[in-house]
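Report on the following structure.
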């Protein structure tokens, strides 16, 4: 499994500094942790008071709306694609970026396939956990294969309409 | 009553049938699959164990050469000297759209015969 | 009609190149079938019973002659010389080779066409009134809004992996020819009432959500009586986002928005949509007027000549030629411009598959469009073609040209104008054949006098529960099912997809393939016997109920 971070041109491999806290384990005393939404809700005060970074992992059926107030203290939100065809995380990502103003790391995890990278980038993801052995190479080419976009999203790309009107 | 391995050819999607190259008359072959366009040329398994053997051969070949997909067994019976699938769906797959008899497998076989003469 | 600018062209070209690479990777074994399947489906390429099938999008059913000639050419060069027009105004090729599909897509791109989103759980081709821009009863040309929706929905990053496929239809007239109540979203253009639902005289949309056929048919519900034009995309985005988050993903038979709406309740669903919309209403989704104007400019009507409303040539021919008179009565529709007519070309000849057209026929219709209809052609959801702007005085010569090519069947809207899916002759999902049922019915009712006598009538046939043949909304609906490996057919009565939309009710136990046509004939006989005045089949059925029909067919009181 490789973790990629988007750069202006393609992506780079990065090291995952978070340790994911499994359901039945206790939250470690220190270090950067990635916890479930349930754990964040249960241990909210202690987690948000930590000196080290806290990340939250959302299943695809969990709305990000409950996180809105805490996003200033959360440095990573990981959104799960249990299968590539479960597209709920695209909406969650856009809500986090465009509605709740989240600026931290937004990570795609689960069944993250190269052919969907373009949509993920447009929705606001900036890191990607990918199983493909050629992830870096795929990242460099595939998302740029279709260059025109019609829909305004939070990624700031100029849409066809904006280019036509020169706005 | 017997069974035949059916599949779709990757390059053009046409329906193909399995023939064991080593021993087209039945019995244990040496695992060299051959995909043919006509049901009449397919190998018919007379019992379940031979059918399973043929299916395994077809699937292994499909996985190795990646040129056939959707591999499965169908039931066939002989009717006035001609092989015929027992289910309507498979019969239509084997002989072509019934509404365009000029385009299906039977037409293909007739054209091949005509060309051979 | 709309023409691509540099951006539209660039997108479609990029998409062709992308698919070419994906096909190469599949053929080289770099991608497995499992990995490749979703990619090919996103370009409308299915693997069917005999071969691949490529579904080409015909946006809102509008074609120009150059595009139709290209479709004819592709059928001849890459397929077996014919194509099948579908109930969603698209065209399907039944025999393309995988290795040649990138070339087919490149050919399509040359004439501003594609197969993007003709499959998959995404927003499909937006359909519309086939008479848009020509109909006398139209408020405004709905294709302007279809094109705006087409662009917005194309490769939408958020809505390409919805719980299930998603279909939008827009009509510009109160007479619904786009079956908007059986779509995921149906939009009806209407005038504001000046009393809360839009300014008086302002044109906007009534928004209907949650219609659909398939396993559990529902008629859509109005969730907003009036929506201003500039808010169209933000409102659609609010609906889609609500559905994307809320729609079921645990069971594909419960994943359509009709089930979401049913389970959530229409009022609650509407509330959620409005809440979401309030957040994005003023975002950059608000349509800028210059862009609305730019797209609308593509749909200005052609320059119609000032003509007398009556055409002597037409009347004289009709007086002496009953076949021509039938064709005019059944296939010709009133046009908004004086002296013009809308000419339907039936693709339902006696004994042949409904909706199929050969390359030669497509070429001919393209030529006729150039000569008689400003180069424009429409595809209808009833699987026919239309020349939308024909001078009435030229109808006799048009008729003669169509007649010579087997395209003058005078049955539009009549019993043999059957909607029919490809069924088990082609489709891997099908349970039974549907085309042979349709051809048998058309053969039984081949006599023009009898067809005319029976009058307006809709028979719709689906080869499986997915209902591509819209059997739920046929006056007579026929559904093919598999009974222990054998084909079997259920019959239902009383459906309609028009402004008086209703879902049909099952008549009783089903029939074998060779009984269906006799049963249809019995049903028609009951109607003819019981009808009053100029009642259509559906009107009589609604008045007398199912009992007399049941009695005739099953012989029970």
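Numbers for the structure displayed
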item	result
Residues of the range C:305-321 classified as touching a strand residue (DSSP E or B) at 6+ places or on another chain (Cβ under 8 Å) and surrounded by 11 or more Cβ atoms within 10 Å (Cβ to Cβ), total	2
In the range C:434-452, residue surrounded by the fewest Cβ atoms within 10 Å (Cβ to Cβ) [restricted to those that are away from chain B (no Cβ under 12 Å) and in contact with a strand residue (DSSP E or B) (Cβ under 7 Å, 6 or more places away or on another chain)]	C:451
Qualifying residue in the range A:98-107 (condition: surrounded by 22 or more Cβ atoms within 10 Å (Cβ to Cβ) and within 11 Å of chain C (Cβ to nearest Cβ))	no
Leading residue by the ranking (farthest from residue C:234 (Cα to Cα)) among those in the range C:140-167 that are more than 10 Å from every other protein chain (Cβ to nearest Cβ) and touching a helix residue (DSSP H, G or I) at 6+ places or on another chain (Cβ under 6 Å)	C:143
Subset of the range C:6-40 (residues that are under 20 Å from residue C:165 (Cα atoms) and crowded, with 18+ Cβ neighbours inside 10 Å)	C:36, C:39, C:40
Selected residue [modelled with pLDDT of 95 or more and not in a helix (DSSP H, G or I)] from C:215, C:248	C:248
Wholly enclosed helices (runs of 4 or more DSSP H) of the range A:24-99 bearing at least 3 residues touching a helix residue (DSSP H, G or I) at 6+ places or on another chain (Cβ under 7 Å)	A:88-94
Filter pass, residue C:46 being outside any helix (DSSP H, G or I) and within 14 Å of chain A (Cβ to nearest Cβ)	no
Test: residue in the range A:153-164 that is free of Cβ contacts under 8 Å to residues at least 40 places away in the same chain, touching a helix residue (DSSP H, G or I) at 6+ places or on another chain (Cβ under 6 Å), assigned to a loop (DSSP other than H, G, I, E, B) and more than 8 Å from every other protein chain (Cβ to nearest Cβ)	yes
Selected residue [within 9 Å of chain C (Cβ to nearest Cβ), within 30 Å of residue C:7 (Cα to Cα), modelled with pLDDT of 95 or more and buried (at least 21 other Cβ atoms within 10 Å of the Cβ)] from A:87, A:118	A:87
Residues of the range B:66-87 satisfying the condition of being within 15 Å of residue B:15 (Cβ to Cβ) and either modelled with pLDDT of 95 or more or at the interface with chain C (Cβ under 10 Å from one of its Cβ atoms) (or both)	B:67, B:68, B:69, B:70, B:71, B:72, B:73, B:74, B:76, B:85, B:87
Residue that is surrounded by the fewest Cβ atoms within 10 Å (Cβ to Cβ) [pool: residues in the range C:49-77 that are more than 10 Å from chain B (Cβ to nearest Cβ) and part of a strand (DSSP E or B)]	C:64
Flag if residue C:538 is touching a residue at least 60 places away in the same chain (Cβ under 8 Å), over 30 Å from residue C:170 (Cα atoms) and touching a strand residue (DSSP E or B) at 6+ places or on another chain (Cβ under 8 Å)	no
Residue satisfying condition, being farther than 30 Å from residue C:339 by Cα and away from every other protein chain (no Cβ under 11 Å), within set C:254, C:286	C:254
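This table checks each residue for (1) away from every other protein chain (no Cβ under 14 Å); (2) part of a helix (DSSP H, G or I); (3) touching a helix residue (DSSP H, G or I) at 6+ places or on another chain (Cβ under 7 Å).
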position: C:338; (1), (2), (3): yes, no, no
position: C:344; (1), (2), (3): yes, no, yes
position: C:354; (1), (2), (3): no, no, yes
position: C:390; (1), (2), (3): yes, no, yes
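The values are calculated or read from the model by the stated rules, or taken from the named source; none is laboratory data. Owing to the predicted nature of the structure, the values given are computational and were not obtained by experimental measurement. All Cβ positions, even for glycine, are placed from backbone atoms using ideal geometry, and neighbour counts span all protein chains on display.
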